[in-house]
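Structure first, commentary second.
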2 protein chains.
Amino acid sequence: MADIAVYDAGPARCTGGAGAFAALVGPNAVLSFERGLRATYMVDVYDFYKPNQPVPSEYPVVEGQASLQAYLTAVDEVYKLFCQKAEKLRNEVVNISDFDAMFFHCPFTRLVQKAFGVLAFADFKRGLSNHLTDTIRAKPSAFLLQPRELNYMSRDFAKMTAQISAKLWAQKTEPSPIDNTLGGKRLLFFSYGSGAAAAMFSARILILEKDTRDQCTQIKQSANAAVALLEERLCVHPKRYNEILALREKLLSSAAPYRPEGVRNNLTDEFSLFPNTYYLMNIGDKYRRYYTQTSS
Amino acid sequence: MADIAVYDAGPARCTGGAGAFAALVGPNAVLSFERGLRATYMVDVYDFYKPNQPVPSEYPVVEGQASLQAYLTAVDEVYKLFCQKAEKLRNEVVNISDFDAMFFHCPFTRLVQKAFGVLAFADFKRGLSNHLTDTIRAKPSAFLLQPRELNYMSRDFAKMTAQISAKLWAQKTEPSPIDNTLGGKRLLFFSYGSGAAAAMFSARILILEKDTRDQCTQIKQSANAAVALLEERLCVHPKRYNEILALREKLLSSAAPYRPEGVRNNLTDEFSLFPNTYYLMNIGDKYRRYYTQTSS
């Protein structure tokens with residue numbers, strides 16, 4: 001699975017990025033989903049979308065406020081359902097401290113922190129607060145009574161939830177060692193797609209006794225390799241990034257045949273593509289696309 | 001799964017259509033795939049595609065000759081692989097008479113008949129011809145020696161393959177009863193997507209002894225219901241069909257807000273939508289789409 005996000009010039013542009021992920025599905029998996037513990041939530045909302053318009057654009061329409069509300073409402077709803085499932089299927093009362101790590105769809109870090117706060121507040125409302133701090137701040141009835149959409153827009157609410165979840169947030173965001181204690185760790189995932197559809201599910205790290213050292217070493221190597229690739233990213237000045245995206249806009253709005261400016265002006269070196277990367281060489285007659293590869 | 005196909009004015013327009021399909025996956029399935037008997041074939045070809053162009057169009061670019069060749073090459077290749085798999089996994093030498101029914105991706109009927117002929121000729125080349133007729137016609141060395149792409153364009157080749165497969169084609173295209181003899185029937189599927197990717201796989205109709213009558217009745221009812229729906233299609237004069245598609249082109253090229261002409265002029269009756277059908281009521285500000293339903 002892969003995704004590329006590019007945004008129009010403006011506040012959203014810097015949240016763009018690209019990522020890819022591959023998983024091998026099989027028996028004795030290191031990452032083992034907890035059967036039945038999954039919740040979904042869907043709603044019809046224009047929070048973030050690509051309009052079907054006469055002149056197409058790669059950039060989505062982002063409704064700032066609607067998209068924050070849709071995301072936070074979704075995390076609240078799927079967590080509620082997830083907790084109900086845990087009680088029903090396992091007679092287990094879960095709270096956010098039951099998970100050693102939590103994975104969120106991440107539009108930007110600040111929103112993930114807000115979402116984490118929303119979950120902490122959900123625990124508080126369920127009467128579970130041993131894992132929270134400073135809960136005296138959560139008590140003003142205003143936060144409990146007003147519609148949650150108002151909470152999501154409120155600085156006071158964000159501040160309060162950051163405070164009650166501060167200790168857990170610190171624990172979960174500080175670097176933690178990848179060592180032989182990985183086995184048995186429990187993970188919670190929140191998945192979100194605009195429009196909107198969301199899911200929450202959990203997994204355990206299962207390491208077979210005899211393979212403990214090997215598997216932990218492999219996980220560590222894999223994580224280090226990912227970080228090493230990230231470190232190879234180029235630092236590009238925002239002005240130059242805008243120019244590069246303008247080249248792309250020009251390409252998409254040009255009639256065929258069209259030879260990309262990056263190719264014509266030998267910008268492939270500046271773009272510093274990885275070895276063996278495929279890139280667009282030419283848009284030929286009838287908009288057929290021809291690709292070539294960087295050397296190995 | 002669903003698909004809608006609309007084409008630009010010209011010879012391809014009349015091959016447009018729409019279809020939808022739903023399947024329940026579970027144990028003791030009536031339609032049971034034959035494990036391992038599947039073959040795939042992929043090739044990079046611009047036979048049929050939707051170009052990424054400055055002014056978008058719903059209509060694909062169809063390269064007539066390339067698309068026929070790609071389709072027929074694909075059916076030839078996956079059948080070859082399928083036969084190899086059957087020999088390797090089951091020590092079984094299959095030929096097209098081993099299947100009680102064959103399902104093809106169908107751009108238009110004539111191409112399916114050509115594909116069926118290509119499979120018959122493949123059997124003939126493998127030395128299997130007891131199920132074929134008039135095989136004397138397949139013998140001219142021309143058909144065996146020249147590149148298959150030339151065969152696919154040749155009227156003589158099409159005529160010859162239609163002749164050698166005539167008996168089987170008649171058997172498989174004449175109406176056949178859906179009765180208690182369905183159990184055990186063997187089916188072959190050919191799936192094709194432009195670009196191109198193709199697959200061939202087989203299945204058996206498995207009916208549990210105790211449920212024979214019920215399941216056959218259900219299959220029959222389901223098939224009859226599908227035919228009944230097809231019979232409800234409207235017969236529209238090609239001139240009117242062109243006008244209706246022109247309305248759609250206008251809608252897609254109009255700036256928002258836009259109220260579809262079909263709605264403005266109350267054409268929903270002429271279009272004779274099924275009860276409870278959702279249809280586009282309005283394209284609002286920022287190209288947000290609003291739908292409504294016909295009455296039940």
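Things to note:
- Distance violations [Cα-Cα > 27 Å] among A:Lys159/A:Lys239; A:Lys114/A:Lys185; A:Lys85/A:Lys114; B:Lys159/B:Lys185: A:Lys159/A:Lys239; B:Lys159/B:Lys185
- Rh (Kirkwood; distinct C-alpha pairs) - the protein assembly as shown, Å: 29.8 Å
- When chain A is turned onto chain B, its residue with the beta carbon nearest the axis, and that distance in whole angstrom, is A:Pro56, 3.
- Counting other Cβ atoms within 10 Å as a rough exposure proxy, the listed residues B:His105, A:His237 run A:His237, B:His105 from fewest neighbours to most.
- Taking the fewest neighbouring Cβ atoms within 10 Å as the starting point, the ordered list for A:Phe189, A:Phe104 is A:Phe189, A:Phe104.
- Inter-copy separations for B:Glu87, label at 7 Å along Cα-Cβ, nm, ascending: 6.4
- For region A:29-34, Karplus couplings with θ = phi - 60° (6.51, -1.76, 1.60), whole Hz, Gly/Pro x: 5, 5, 9, 10, 5, 7
- Whole-number percent relative contact order across region A:27-231, with pairs defined as alpha carbons under 8 Å at least 6 apart: 33 percent
- Applying both filters, DSSP loop and at most 13 other Cβ atoms within 10 Å, to the chymotrypsin sites (Phe, Trp or Tyr not before Pro) of region B:1-54 gives B:Phe21.
- Inter-copy label distances for A:Gly36: 3.6 nm (label point placed 7 Å from Cα along Cα→Cβ; shortest first).
- Under 21 Å of direct C-alpha separation, and excluding same-chain neighbours fewer than eight residues apart, B:Lys88 reaches these lysines: B:Lys80, B:Lys125.
- Relative to one another, the C-alpha centroids of region B:68-115 and region A:222-296 are positioned 41 Å apart.
- Computed [θ] at 222 nm, deg cm²/dmol, chain A (DSSP H ≥ 4; -39,500 (n - 2.57); rounded to nearest 500): -12000 deg cm²/dmol
- Extension gain, A:Phe108 to A:Lys50, is 18.9 nm, computed as 0.36 nm per intervening residue step minus the present C-alpha separation.
- Annotation for B:Ser272, label-to-label distances across the other copies: 6.5 nm (shortest first, one decimal, point 7 Å from Cα along Cα→Cβ).
- Within straight-line reach of B:Lys286, meaning a Cα separation under 17 Å, sit the following aspartates and glutamates at least 8 residues removed in sequence or on another chain: A:Asp8, A:Asp44, A:Asp47, A:Glu58, A:Glu63.
- For region B:82-148, projected area of the alpha-carbon convex hull averaged over all directions, nm²: 5.7 nm²
- In loop segments of region A:187-296 as defined by DSSP, the GluC sites (Glu not before Pro) with at most 16 further C-beta atoms inside 10 Å of their C-beta are A:Glu232.
- Rounded to 5, the percent of DSSP beta bridges in the protein assembly as shown classed as antiparallel: 90 percent
- Computed over chain B, the range of Cα coordinates on each principal axis works out to 65, 53, 32 Å, biggest value leading.
- Note on region B:27-231: antiparallel DSSP beta bridges, both residues inside, total approximately 80 percent of the bridges counted.
Bear in mind that the values in this text are calculations on the coordinates, not laboratory data. Here the structure is a predicted model, which is why all the values come from computation and not from measurement. FYI the Cβ positions are ideal-geometry reconstructions off the backbone, even for glycines, and counts take in every protein chain you see.
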